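The values are calculated or read from the model by the stated rules, or taken from the named source; none is laboratory data. Since we're looking at a predicted model, the values are computed, not measured. Every residue, glycine among them, receives a Cβ derived from its backbone with ideal geometry; neighbour counts consider all protein chains shown.
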Amino acid sequence: MSLLFVGLLQLNPCQAQKTIKIRFDSNKEVSGKKFAIRVISPDIPANWDGFNFVVLEFRSTTPQRFQVGFTTETGYNELRVMSYCVNGWNKLAIPLRFYRALPDAAHDLAATFNQDRYTGWINLGGTRGPLRGIDSIGIRMNAPINNPVIELRSIALSVEDPGDQYLGTKPVVDEFGQWNLGDFEGKAKSLTQLRKEWDTEEKTIDTNNSTFYSKFGGYLPVKAKSTGFFRTEKMDGKWWFVDPEGCLFLSVGVDCVHPGGGGNAIHLDKRANLFKELPPPGIGSNPDRPNSASFGTWNLVRRYGPSYPEKSKDLIIRRMENWGLNTICNWSSPEVMALNRKAFMLQLNNVGIENGIMGLPDVYTPDFKEKVDASIQAFVTPYRENPWLIGYFTGNEPSWTGQEERLCQLILDGKEKPIQSELKKFLSGGDSPSKRRQFVFDTFRIFLQTINKTVKTYDPNHLNLGMRFGHVPDKEIITICKDVFDVFSFNCYDLCPKREFMDQISEGTGLPMIIGEYHFGTVDRGMAQSLWQVNSQKERGVAFSYYTEQAYSHPGLIGTAWFQWCDQDLTGRNDGENYNCGLVDVTDRPYPYLVEAVGRTAQRLLSIHQGATKPTNQQPVKARGHGAIPDLWEH
């Protein structure tokens with residue numbers, strides 16, 4: 001079925017189409033506009049029960065996320081939208097189920113809350129409920145950057161998915177994989193310019209003083225007991241990694257270290273008019289995604305020619321040495337790690353984590369231990385004697401934490417399986433929120449203990465680095481982790497990690513800590529501004545230094561991982577995300593303000609962690625997170 005209700009122009013050709021222009025004020029914490037839907041589309045009904053999509057035609061001058069909500073008979077209901085087509089008109093279809101119900105169960109937070117479309121992507125949040133009595137739409141933005149503008153000219157409803165469409169004529173993406181509908185500082189205008197800048201980096205890149213770092217990236221001035229592998233030790237009230245040579249080590253790392261990252265384009269058959277010029281067939285294409293291409297790989301071919309695989313990996317190591325980074329962290333290239341020139345961390349896979357029950361494994365399946373045993377043995381055995389490996393993460397951002405009651409209901413309402421039988425048995429003597437929480441915690445404990453025992457059986461040389469929680473979990477979970485992990489890991493997107501939370505973890509577990517993800521981004525390159533935004537590329541460097549130095553001033557922190565090496569894909573990765581979060585852009589050029597800050601900060605971290613130097617107090621200007629925003633409106 002096609003669109004049943006369309007904009008005013010389509011309904012009445014004799015009447016001029018109405019366009020609403022929303023100007024966001026950067027001097028305000030929250031800025032936006034709420035107005036009656038009938039202003040644009042007077043024939044849309046107030047009851048949306050019979051429809052599955054709301055379709056917006058809009059043009060935005062920014063990729064910054066904005067809230068789209070509707071006033072219903074039960075309250076205000078909104079979610080976040082990001083556009084790939086900045087400065088161009090586009091049509092975006094939003095599934096109404098995102099407004100009506102909680103997200104489907106998925107294994108981690110990103111898979112739960114991120115939803116990809118073709119001309120933009122959606123992040124779920126807000127209040128869910130029935131879509132009845134709808135009379136107005138609201139569009140608002142938290143901490144808008146550079147007074148952006150959104151124009152809205154059509155609101156429509158549809159039963160079936162009408163698809164998304166870029167409505168402009170100038171391609172959104174240029175021949176290098178950059179944003180093509182605007183200009184920005186450092187934009188590559190020609191291959192000649194790129195080659196000149198690539199050559200300059202090759203001639204000027206150098207390494208840090210070799211007397212400062214050990215072979216593995218530890219600090220030479222301080223020595224401890226050498227065991228041939230990474231371990232942890234608390235000295236004079238402060239935690240450290242100790243590298244295989246016995247040098248104290250703080251793991252200053254980066255996630256997703258890949259040559260040629262950040263320029264992947266998928267769903268090409270659905271986005272024919274978004275790209276000015278695609279890479280030649282076969283270069284960087286993913287065999288698992290036939291409608292894909294990689295501008296990042298194509299740019300490496302342009303830079304190095306046929307020898308790009310080896311030369312690009314070598315440059316990554318040289319850059320890390322130059323910038324003071326000593327660890328390759330989660331989801332990175334196996335080929336780069338296999339060089340054995342930088343310490344690295346790995347995340348286990350195939351350990352029973354399931355989408356359908358929010359990432360909680362069904363440990364009651366009769367063959368659970370047998371399958372885990374075989375999977376872990378195959379995974380860890382090749383690394384058992386490798387001194388460059390620090391250790392293994394068990395998982396990432398389990399989505400059930402804080403939602404234990406809902407998880408139990410999903411299990412009870414789902415297909416018959418062993419975990420369902422166990423839960424029914426557990427609740428047979430009485431059902432309560434506390435009992436449901438206890439069942440989930442008991443199940444999680446069995447899972448963690450099984451994984452830890454199995455890993456230590458096949459690889460006793462490397463550390464259990466924890467679960468990479470998406471936030472500081474409940475005390476019950478912290479207690480469970482205390483006797484299983486060697487290091488407690490959590491991801492923390494904030495201006496800096498809160499001291500009280502870190503104290504809570506340290507006191508509750510007695511373990512050292514790793515921050516597995518953090519970053520800052522902005523909006524000047526057509527990509528969304530990351531989970532924490534700043535106003536400029538220069539401020540990204542300020543934010544890095546402030547966060548990182550404040551973090552390492554805590555005596556329990558021994559590792560951080562910036563997310564990620566290269567910007568995300570301009571037109572979205574598999575879940576839609578397209579953040580400006582990289583140290584390197586799609587054309588294989590570093591962000592100068594950011595990497596300069598990384599290098600300066602790296603030289604200070606030993607002294608900061610020892611307590612001899614105070615961390616910087618310079619904060620970025622108007623940095624803001626991605627959480628709930630105040631219910632404020634312009635009228």
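Annotations for the structure displayed:
- Checking N349 against (1) of a type outside the set (F, W, Y); (2) farther than 26 Å from P512 by Cβ; (3) without any contact (Cβ under 8 Å) to a residue 40 or more places away in the chain, the condition it does not meet: (2)
- Some residue of the range 92-109 being buried (at least 20 other Cβ atoms within 10 Å of the Cβ), in the same structural domain as I40 (by TED's automatic domain parsing) and under 19 Å from A265 (Cα atoms): yes
- Unmet requirement for Q64, which otherwise passes all of (1) out of contact with any helix residue (DSSP H, G or I) (no Cβ under 8 Å at 6 or more places or on another chain); (2) not in a loop (DSSP other than H, G, I, E, B): (2)
- Test: residue in the range 304-326 that is assigned to a strand (DSSP E or B), in the same structural domain as D588 (by TED's automatic domain parsing), touching a helix residue (DSSP H, G or I) at 6+ places or on another chain (Cβ under 9 Å) and crowded, with 24+ Cβ neighbours inside 10 Å: no
- From R525, R573, R540, residue being farther than 22 Å from L465 by Cβ, of a type in the set (K, R), in a loop (DSSP other than H, G, I, E, B) and modelled with pLDDT of 95 or more: R525
- Set L167, L157, L220, L191: member being buried (at least 17 other Cβ atoms within 10 Å of the Cβ) and aliphatic (A, V, I, L, M): L157
- Test for V534: is it buried (at least 24 other Cβ atoms within 10 Å of the Cβ), among the aliphatic types (A, V, I, L, M) and closer than 19 Å to V254 by Cα: no
- So G556, is it surrounded by fewer than 24 Cβ atoms within 10 Å (Cβ to Cβ) and over 23 Å from K498 (Cβ atoms): no
- The single condition among (1) touching a Phe, Trp or Tyr at 6+ places or on another chain (Cβ under 8 Å); (2) over 25 Å from F439 (Cβ atoms); (3) of a type in the set (A, V, I, L, M, F, W, C) that M502 does not meet is (1).
- Filter pass, S421 being more than 30 Å from T227 (Cα to Cα), in a helix (DSSP H, G or I), touching a residue at least 40 places away in the same chain (Cβ under 8 Å) and of a type in the set (G, A, S): yes
- Applying the condition of being crowded, with 20+ Cβ neighbours inside 10 Å and within 25 Å of the chain's Cα centre (by Cα) to the range 133-154 and asking which residue is nearest to G32 (Cα to Cα) yields R140.
- Scanning the range 267-303 for residues that are without any contact (Cβ under 8 Å) to a residue 60 or more places away in the chain, surrounded by 15 or more Cβ atoms within 10 Å (Cβ to Cβ) and closer than 22 Å to D575 by Cβ gives L268, G284, S285, S292, A293, S294, T297.
- Residue in the range 462-474 that is touching a Pro at 6+ places or on another chain (Cβ under 6 Å) and closer than 20 Å to Q550 by Cα present: no
- Failed condition for F35, given (1) part of a strand (DSSP E or B); (2) farther than 22 Å from V523 by Cβ; (3) under 25 Å from the mean Cα position of the chain (by Cα); (4) not hydroxyl-bearing (S, T, Y): (3)
- Residues located in the range 305-352, provided they are under 19 Å from the mean Cα position of the chain (by Cα) and closer than 30 Å to E404 by Cα: C329, N330, W331, M345, L346, Q347, L348, N349
Conditions tested, residue by residue: (1) crowded, with 16+ Cβ neighbours inside 10 Å; (2) small (G, A, S); (3) within 29 Å of K215 (Cβ to Cβ).
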residue: L339; (1), (2), (3): yes, no, yes
residue: K342; (1), (2), (3): yes, no, yes
residue: L360; (1), (2), (3): yes, no, no
residue: S375; (1), (2), (3): yes, yes, no
residue: F379; (1), (2), (3): yes, no, yes
residue: P387; (1), (2), (3): yes, no, yes
residue: Y392; (1), (2), (3): yes, no, yes
residue: P398; (1), (2), (3): yes, no, no
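- All conditions but one from (1) modelled with pLDDT of 95 or more; (2) under 27 Å from D588 (Cβ atoms) apply to C247; the one that does not is (2).
- Checking N87 against (1) within 30 Å of N264 (Cβ to Cβ); (2) assigned to a strand (DSSP E or B), the condition it does not meet: (2)
- Sub-6 Å Cβ pairs linking a first residue in the range 165-181 that is of a type in the set (K, R) to a second residue that is not in a strand (DSSP E or B), at least 6 apart or interchain, number zero.
- Among (1) in contact with a strand residue (DSSP E or B) (Cβ under 6 Å, 6 or more places away or on another chain); (2) under 30 Å from G50 (Cβ atoms) - the single one E160 does not satisfy: (1)
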